[in-house]
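Below is one structure, written out as structure tokens; the observations come after it.
A short reminder: the numbers here are calculations on the coordinates, not readings from a lab. Just so we're clear, the structure is a prediction, and the values are computed from it rather than from any experiment. Note: ideal-geometry Cβ built from the backbone for every residue, glycine included; neighbour counts use all protein chains shown.
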Amino acid sequence: MTFIAFCGAVEQGLVYGLMALGVFITFRVLDFPDLTVDGSLPLGAAVSSVCITQGMSPWLSLLPAMGAGFLAGMVTGILTTRLKILHLLSSILTMTALYSVNIRIMGARPNVALINSPTVFDSVSPLVAALGVSPWLTSSCLFIVLVTMVVAALIWLMRTELGQALLATGDNPRMITSLGVNTSVTIIVGVGLSNALVSLCGALVAQNQGAAEVSMGVGTIVAGLASIVVGETLFGGRRITVRIVSVVLGSVIYRLAIAAALSLDIFSPSDFNLITASLVVAALCMPLVKSRLKSRGGNQKNA
Amino acid sequence: MLETSSLIKFFGRGTVNEVLALNGLDLAVGPGEFVCIIGSNGAGKTTLMRCISGSAPPDSGRTTLDGRDITLWPEHRRATLIGRVFQDPLAGTCASMTIEENMALASRRGKKRGFRAGVTRTEREAFRESLSKLHLGLEGRLSDQVGLLSGGQRQSLTLLMANLLTPKLLLLDEHTASLDPKTASLIMDLTCQLVDEGRVTTLMITHNMQQAISYGNRLIMLHHGRIILDFNERDKARLTVQDLLQHFHSATSGDNQISDRLVLG
């Protein structure tokens, strides 16, 4: 792997780390498999890009992007809790609907180019240059700052009463209901928050690559899961602080692993999703394989 | 304190498997009463409790608690008045969260949850003190995950949590049934201690006849969704396990079914 490929993978790992944190909130905190993210990532990209081309400041455009993501997550949450549709199906329905919504937001086109438009990276590049950092590390520097802020905010949130209620909703909904929490509300807010982060990620990715595309969300959930399981496998930890930080580290390591795999001649860039899915399967069945091996060893001892 | 009138609850209504679980049940419980509820399987004991807690609202009938009509209140709102302990010792706590986090969740029962700290320093001290009453050594393990505790320890913790904010009504659904006899009696002692301290109005379902006689100051027997026997404190004091079994048999003799738990007395 070249040095440039390495830096590119780290950059991707950081920005998609925001998405992975969103997936962590649904998948791990709420125990809610949420596929909305495949739609809310391009949603954030579309909203932010359209706002920028309409003359809004790139920084300000992140707010409506996150708001749109929050709404998309709320739709999934409401379908699940109020209309009692299975959570997985609810999220697939929202994701499917978002495909049309995203095209509509982009003005009946499948993409919006940001080639000659300002981005958040333009506004920080003088500062990065003044610090003597190479200009093509600008986005990485910005992502490090943003991801650190989001991680800190999430750790703070999980320690508040609301965060504790979110954690309890995923762990034991019956118990937390008997303690006076309306789990419909915690699920709607939690899934909304998760998708707001995913949309923020989508907006930054669009600004970084210079375009929003309707298909850029394909495979988001799997990449998010991969980051989470890679982080958990490598860093473990039960404390929420450790778990949140390991999601981001997992995201970076996952992108590095993919970059390493793709640098081999046998793979082409379009194999990205296949490699990711295989990686997730391997990581998810790890505990099962471990326990099988262990119990086999135990049996032999007894015999 | 608690009053239910004409509670009716069907399961699978309109199907061949239709079951009438509560058949116009009326129950009035005075403040500070500790009512033991017995009855064969399918008599409607747990259904009654679920109707009162709001987890399975009745098809018709009214429920008032502490002078408030809670008939239309959803489960999470009723939680402001009601503390609960379930039969499954794992059901009342969050395994992945720590002891202090679980207690903090319980100490905010029915209150608004916002962006304040989930566990505060002053709370931690108070939790340590109330845990020391359990004599299980949990006061030194505040930041241990609840999943590391045994069933008995978890049930003790759940019971303590249900009483952290003194509830208007405490619902105990066979809360010692899945514990070994020694732990079960420890939990019952703790139950009495907490109920006495807070003068809590309590309903307790049990299949243990001796328990039903020894604890509480009123005993009712349910059958086919109705109350068929109601003993006050004085009558209850004279009851023996044999008497109760007799009542059980005469109540169920009409049915062509064997009540399995009954055999175990």
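Taking every residue in B:101-107 and counting other chain Cβ atoms within 10 Å of its Cβ, the average works out to 4. Over all pairs of different C-alpha atoms in the protein assembly as shown, the reciprocal of the mean inverse distance, the Kirkwood hydrodynamic radius, equals 26.8 Å.
For B:Lys133, the aspartates and glutamates whose Cα falls under 12 Å of its own Cα, not counting residues fewer than eight places away in the same chain, are B:Asp189. For A:Thr160, the amide hydrogen comes within under 5 Å of the amide hydrogens of B:Gly118, counting only partners 5 or more places away or on other chains and with H modelled in the peptide plane. Taken along the Cα-to-beta-carbon direction at a fixed 7 Å, the label points for B:Glu18 and A:Ala108 span 5.7 nm. Near A:Ala211, the amide H atoms lying under 5 Å from its own belong to A:Leu114; only residues 5 or more places off or on other chains count, and H is placed 1.01 Å from N.
Fewest-first ordering of A:Cys141, B:Cys94 by other beta carbons within 10 Å of each residue's beta carbon gives A:Cys141, B:Cys94. Taking the Cα-to-Cβ direction at B:Leu245 and at A:Met286 and moving 7 Å from each Cα, how far apart do the two end points lie in nm? Output for this residue pair reads 5.7 nm. Rounded to the nearest whole angstrom, the semi-axes of the ellipsoid equivalent to region A:46-104, taken from the Cα gyration tensor as √(5λ), stand at 27, 12, 6, largest first.
Of all DSSP bridge pairs formed entirely within chain B, close to 55 percent run antiparallel. Taking 13 Å as the cut-off, the amide N atoms of region A:195-224 that come nearer than this to a point 7 Å along the Cα-to-beta-carbon line of A:Met56 belong to A:200, A:203-204. According to the calculation over all Cα-Cα pairs in region A:1-118, the P(r) per 10 Å bin from zero is 13, 37, 33, 15, 2, 0 %. Counted by neighbouring Cβ atoms within 10 Å, the residues B:Arg154, A:Arg174 run from fewest to most as A:Arg174, B:Arg154. Leaving out same-chain residues fewer than 8 places away, which aspartates and glutamates sit with a Cα under 15 Å from that of B:Lys236? Cross-link targets: B:Glu33. Annotation for region A:157-198 versus region A:4-71: alpha-carbon center distance of 21 Å. Here's the picture: a label point sits 7 Å out from the Cα of A:Thr148 along the beta-carbon direction, and within region A:243-283 the residues with their amide nitrogen under 20 Å of it are A:243-253. Using a Gaussian network model of chain B in which every pair of alpha carbons under 10 angstrom is joined by a spring, one finds that among B:Leu136, B:Leu169, B:Leu219 the greatest mean-square fluctuation is at B:Leu136.
The calculated FRET efficiency for the pair A:Asn273 and B:Phe115, based on their C-beta separation and a Förster distance of 45 Å, comes to about 0.70. Could you check which residue among B:Thr122, B:Thr252, B:Thr176 shows the biggest mean-square fluctuation in a GNM of chain B with a 10 Å Cα cutoff? Evaluated over chain B, the most mobile residue of the options is B:Thr122. Applying 1/(1 + (r/R0)^6) with R0 = 22 Å to the Cβ-Cβ distance of B:Ala237 and B:Asp189 gives a FRET efficiency near 0.70. For chain A, the Cα-based Rg and Dmax, in that order, read 20.0, 75 Å.
For A:Lys84, no aspartates and glutamates have a Cα falling under 14 Å of its own Cα, not counting residues fewer than eight places away in the same chain. Where only DSSP H runs of four or more residues are counted, the protein assembly as shown gives -18000 deg cm²/dmol as its mean residue ellipticity at 222 nm, each run worth -39500 (n - 2.57). Extending 7 Å from the Cα toward the beta-carbon at both B:Ser132 and B:Asp196 defines two label points whose distance is 2.1 nm. Kindly flag which residue pairs out of B:Lys45/B:Lys182; B:Lys111/B:Lys168; B:Lys45/B:Lys111 have an alpha-carbon separation exceeding 23 Å in this structure. In this structure, B:Lys45/B:Lys182; B:Lys45/B:Lys111 exceed 23 Å between Cα atoms.
Per-residue extension of 0.36 nm, minus the Cα-Cα distance of A:Val124 and A:Ala97, leaves a gain of 6.2 nm for this segment. Normalised by 2.2 N^0.38 Å, where N is the number of residues, the alpha-carbon radius of gyration of chain B equals 1.03.
Structure remark: mean-square fluctuation, Gaussian network model of chain A, C-alpha springs under 10 Å; the largest value among A:Leu166, A:Leu18, A:Leu262 belongs to A:Leu262.
In this calculation the C-beta distance from B:Asp230 to A:Ser295 is compared with R0 = 51 Å, giving a FRET efficiency of 0.45. Exposure proxy shown here: for B:His249, B:His175, the number of other Cβ atoms within 10 Å sets the order, fewest to most, as B:His249, B:His175. Sorted from greatest to least, the principal axis extents spanned by the alpha carbons of region B:96-164 come out as 32, 21, 20 Å. Other protein chain C-beta atoms within 10 Å of residue C-beta, averaged over A:158-165: 6.
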